[in-house]
Amino acid sequence: MTGIRDRLPCFRPGHVWLVGAGPGDPGLLTLHAVNALEQADVIVYDALVNADCLSLAREGAALEYAGKRGGKPSAKQRDISLRLIELAREDKRVLRLKGGDPFVFGRGGEEALALAHHGISFRIVPGVTAGIAAPAYAGIPVTHRDTNHTVTFLTGHDASGLVPDTINWESVATSSRVIVLYMAMKHIGHIFGRLMSAGRSPDEPVAFICNATTSAQRVLVTSLGKGGAELLAAGLEPPAIVVVGEVVRLRGELGWFEDMAQAVAGQGG
C-alpha cells in the first residue's frame with residue numbers, strides 16, 4: 001500500500017479536483033479521493049457527502065458546504081462554480097467533493113466547463129455512483145444474464161424540478177428491462193403511471209432504496225401499481241434510488257447488508 005500511495009498524484013496549488021465521494025459508506029472512497037482529502041486546502045462539499053468522509057481531511061483544511069437539496073434552501077450552481085474559480089485563483093488546492101460520481105447526474109460537467117472556460121486546471125476523480133451501489137447493498141444486481149442485458153439510468157427531475165420532458169418514456173418502458181431512477185421520489189406516481197401506460201405490468205417489482213450503503217439504509221420492495229401508495233405509507237424520504245425490473249426479486253436470496261449489520265450489532269451488544 002505504501003508504494004501505491006507514493007505514486008498518487010500531487011495536488012498542486014491553484015488546481016481544482018472534482019471528486020466523487022461515493023454514495024455514503026466511506027469504505028467506497030477511492031484511493032484518489034482519500035489522497036485528495038489528505039492534501040486539499042479547501043473542501044467544497046455536497047449535502048450527501050458522509051461526515052465520515054470529511055473526517056479524512058487534513059488538519060487545517062477549510063470546509064465549505066455547498067449542498068443542494070430539493071425543496072430546501074440551496075446554493076445556486078453558478079455561485080458554486082464561481083466560488084471554485086475564486087478559490088483556485090487564490091492559489092488554493094480546491095477539492096470539490098460530490099456525492100456519488102461527479103459526472104452521473106452530479107452536475108460535475110457544468111463545473112468542469114466553468115473551470116475550463118476560466119483557464120483553471122482541474123482533475124476528475126470518478127466515484128461509485130448510487131445507481132450501482134444502492135442496488136448492490138440491497139442485494140439487487142442491476143444486470144443478470146437470466147433477466148436483462150440492458151439497464152437504463154434516469155433522473156426523475158430536470159433543472160426546473162419537473163419530470164424531464166425530453167425522456168421518451170414509451171421507448172424506455174419497452175426497451176429496457178431494468179430501470180434505475182435517481183431523484184425520482186417527488187414525481188414517482190407520475191413516472192410509474194407513464195411506464196404502465198407504455199405497457200409495463202402493474203405487478204412488476206420495484207425497490208426503493210433510501211440512505212443506501214449507510215447504517216440508516218432502508219429498502220421497500222413493492223410493485224409499479226402499488227409503489228406510490230406504499231411509499232407514502234412507509235414514510236420513506238430521499239435520498240433514494242428506485243429500481244424497476246425483475247432483478248428486484250433476487251433481493252430475497254441476495255440481500256446481505258441488513259443481515260451483516262445485524263450481526264455486527266449483535267457482536268457489539
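Computed from the coordinates by the stated procedures, all read-outs in this text should not be read as laboratory data. Predicted model, so just to flag it, every value in this text is computed and none were measured. Ideal geometry is used to build each Cβ from the backbone, glycine not excepted, and the neighbour counts take in all protein chains shown.
Counting only DSSP beta bridges with both residues in the stretch 131-254, the antiparallel share comes to about 75 percent.
Counting only other residues whose beta carbon sits under 10 Å from that of residue 246, what net charge do I get with K and R as +1, D and E as -1? It works out to a net charge of 0. With neighbour counts taken as other beta-carbon atoms within 10 Å, the residues 169, 17 rank, fewest first, as 169, 17.
Mean sequence separation of contacting Cα pairs (under 8 Å, at least six apart), scaled by the length of the stretch 131-254, corresponds to a relative contact order of 33 percent. All other residues with a Cβ under 15 Å from the Cβ of residue 204 taken together, and with Lys, Arg as +1 and Asp, Glu as -1, what is their net charge? Net local charge, residue 204 excluded: +3.
Given the chain reduced to its alpha-carbon atoms as identical point scatterers, what log10 I(q)/I(0) does the Debye formula return at q = 0.08, 0.09 Å⁻¹? For the chain at q = 0.08, 0.09 Å⁻¹, log10 I(q)/I(0) is -0.36, -0.46.
Between residue 168 and residue 203, the contour length at 0.36 nm per residue exceeds the alpha carbon distance by 10.4 nm.
Taking the fewest neighbouring Cβ atoms within 10 Å as the starting point, the ordered list for 81, 171 is 171, 81.
Per-residue extension of 0.36 nm, minus the Cα-Cα distance of residue 8 and residue 160, leaves a gain of 50.8 nm for this segment.
Compared with the dominant Cα axis of the chain, that is its longest principal axis, helix 188-197 is turned about 50°. Full extension of the segment from residue 254 to residue 113, taken as 0.36 nm per residue of separation minus the current Cα-Cα distance, would add 46.7 nm.
Of all DSSP beta bridges in the chain, what percent run antiparallel (nearest 5)? List each step's numbers first, then the result.
Details: 17 of 39 bridges.
Bridges in the chain that DSSP calls antiparallel: roughly 45 percent.
Here the stretch 1-143 carries DSSP beta bridges of which approximately 5% are antiparallel, counting only pairs with both residues inside. Once the Cβ-Cβ distance of residue 150 and residue 232 is raised to the sixth power relative to R0 = 41 Å, the FRET efficiency obtained is 0.85.
Mean separation of Cα pairs under 8 Å and 6 or more residues apart, divided by the residue count, gives the stretch 2-128 a relative contact order of 40 percent.
In percent, rounded to a whole number, the relative contact order of the chain is 19, using alpha-carbon pairs under 8 Å and six or more apart.
Cα-Cα over 27 Å: which of 186/226; 98/186; 76/226? Those over the limit are 76/226. Length, then width, then depth: along the principal axes, the Cα atoms of the stretch 112-269 run 54, 44, 34 Å. In order along the stretch 134-146, the phi-based Karplus estimate (6.51 cos²θ - 1.76 cosθ + 1.60, θ = phi - 60°) of 3J(HN,Hα) comes to 4, x, 4, 6, 8, x, 10, x, 6, 10, 8, 5, 7 Hz; Gly and Pro are listed as x.
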